[in-house]
1. Where residues in the range 48-68 are within 19 Å of residue 175 (Cα to Cα) and assigned to a loop (DSSP other than H, G, I, E, B), which of them is farthest from the chain's Cα centre (by Cα)?
2. Within the range 92-196, considering only strands (runs of 3 or more DSSP E) that don't extend past its boundaries, which have at least 3 residues that are crowded, with 18+ Cβ neighbours inside 10 Å, touching a strand residue (DSSP E or B) at 6+ places or on another chain (Cβ under 7 Å) and modelled with pLDDT of 95 or more?
3. If you go through the range 6-24 one residue at a time, do you hit one that is closer than 24 Å to residue 195 by Cα and in a helix (DSSP H, G or I)?
């Protein structure tokens, strides 16, 4: 997909977390498959797509309804969380290009934040494993908004915290739900699909990258920085 040229200066960046900074969508898929296998069920691709990018309470309502499960969404959430945490030591990895992108943004003096649908406890657990929290100007989680993605609230909040117009913020997302939230906020959207989201629709995105190391992202940031100086 050809990249669009930013029409406004890029003054700040917001990162999604799951599937974008870490391979947590892959880890969650393993945990969910284990949990559903214990109930004699399988994890359909459409279910993972519908859950991806949403806050856990909303995602597990979808799981319960789609698979007609007897368990409450809270019970499913708690079991999935416990299984997920047990898998982290073996399976958790940073996504390709993420640390180099942090380095680039810091060299350019572009402030960055995390805006995730995950709970703060979960965010702190993941960032703490790699001592990443100090590298962000701030972080936003499920507890910081009233409405979850695909509603744009979290990205509107991120732009406000950054002190920029949403159109001056670049958002990195990995899912259709998250990309729609970012686009609805007015941000410049770069989507970075992975194995579990590569078939999502990214028709609202300005660019779809292979990884965060995609050289086109550097070009987008360069154009955005030139606009800042103009």
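1. For the range 48-68, the residue satisfying everything is 55.
2. Numbers: elements: 112-115, 138-140, 169-173, 188-191.
Fully inside the range 92-196 and qualifying: 112-115, 169-173, 188-191.
3. Yes, the range 6-24 contains a residue that is closer than 24 Å to residue 195 by Cα and in a helix (DSSP H, G or I).
The values are calculated or read from the model by the stated rules, or taken from the named source; none is laboratory data. Here the structure is a predicted model, which means the values were calculated and not measured. Heads up, the Cβs are rebuilt from the backbone with ideal geometry, glycines too, and the neighbour counts pull from every protein chain shown.
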